[in-house]
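The values are calculated or read from the model by the stated rules, or taken from the named source; none is laboratory data. Keep in mind it's a predicted model, so treat the numbers as computed, not measured. Reconstructed Cβ throughout: ideal geometry from the backbone, glycine too, with neighbour counts over all protein chains shown. Accessible surface areas use protein heavy atoms only, side chains included; no ligands, DNA or RNA. Shrake-Rupley method; radii C 1.70, N 1.55, O 1.52, S 1.80 Å.
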Amino acid sequence: LGTALDPSPSVTAGITIFAALIMLVMGLQTLHLAPAWLLRLVPRMPKFLGRKLLDAEGKTHPLVPLILGAGTFFLPCGFTQSLQVYALTTGSFFQGMMSLFAFALGTAPALIALGLASSSLRGRAGRFFFRFSGAFVIVLGLWNIQNGLAIAGYPLA
């Protein structure tokens, strides 16, 4: 698939900037600063599909993990999207697979820690954690906009 899809730098930049804009909206939403009109612009999973996926969570059908895993391709994360585009452009199934595998292994500890922290922190500590997380996502979104502009040939100083 990677040899058939060789996105140009402008397409790669567009994907990166689009993912970064979604990150900005998510950060604003976490901080409760996003206006309602902005939240309506964010792509959402259709409700019927969301219900199907939630119903599939406890199922043992062999295709459920494949479908749920394939659905993660559309996560609105600049880092994830950038690495997925890189994996597609390698033109090698094995190299793309190993890149994504290394990325998954490298990010798993931090994501597990974030999940545990967000579910266990309450009160003042929880509010601080979510404010910090929202601000951090905004910073990462701005950084990815700069990365996308650099890919397009318009780096910011």
If the Cβ limit is 7 Å and pairs must be 6+ apart or interchain, which residue in the stretch 145-157 that is farther than 10 Å from T12 by Cα pairs with which residue that is surrounded by fewer than 14 Cβ atoms within 10 Å (Cβ to Cβ) and among the β-branched types (V, I, T)?
-> none
Before we move on, is F136 open to solvent by 100 Å² or more (accessible area, probe 1.4 Å) and free of Cβ contacts under 8 Å to residues at least 60 places away in the same chain?
-> no
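This table checks each residue for (1) aliphatic (A, V, I, L, M); (2) in contact (Cβ under 8 Å) with a residue 12 or more places away in the chain; (3) within 18 Å of A20 (Cβ to Cβ).
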site: G69; (1), (2), (3): no, no, no
site: T90; (1), (2), (3): no, yes, no
site: G106; (1), (2), (3): no, no, no
site: P109; (1), (2), (3): no, no, no
site: A113; (1), (2), (3): yes, no, no
site: A117; (1), (2), (3): yes, yes, no
site: S120; (1), (2), (3): no, no, no
Counted residues, the stretch 11-21 - those being hydrophobic (A, V, I, L, M, F, W, C) and open to solvent by 20 Å² or more (accessible area, probe 1.4 Å) | 5
Scan of the stretch 36-49 for residues that are farther than 25 Å from S82 by Cα and surrounded by 10 or more Cβ atoms within 10 Å (Cβ to Cβ), ordered by number | L49
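Looking at the stretch 86-108, is at least one residue part of a helix (DSSP H, G or I), within 19 Å of A13 (Cα to Cα) and open to solvent by 70 Å² or more (accessible area, probe 1.4 Å)?
Looking through the stretch 86-108, at least one residue is part of a helix (DSSP H, G or I), within 19 Å of A13 (Cα to Cα) and open to solvent by 70 Å² or more (accessible area, probe 1.4 Å).
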Does I67 satisfy the criteria of being at pLDDT below 80, open to solvent by 80 Å² or more (accessible area, probe 1.4 Å) and in a helix (DSSP H, G or I)?
-> yes
Test: residue in the stretch 144-157 that is open to solvent by 60 Å² or more (accessible area, probe 1.4 Å), modelled with pLDDT of 90 or more and among the hydroxyl-bearing types (S, T, Y) | yes
From T72, T90, T80, residue being β-branched (V, I, T) and modelled with pLDDT under 70 | T72
Scanning the stretch 22-35 for residues that are assigned to a helix (DSSP H, G or I) and open to solvent by 60 Å² or more (accessible area, probe 1.4 Å) gives M26, Q29
Going by the structure shown, is G115 at pLDDT below 80, within 19 Å of the chain's Cα centre (by Cα) and open to solvent by less than 80 Å² (accessible area, probe 1.4 Å)?
-> yes
Identify the residue in the stretch 43-64 that is outside any loop (DSSP other than H, G, I, E, B) and of a type outside the set (A, V, I, L, M, F, W, C) and, among all such residues, is modelled with the highest pLDDT.
-> K47
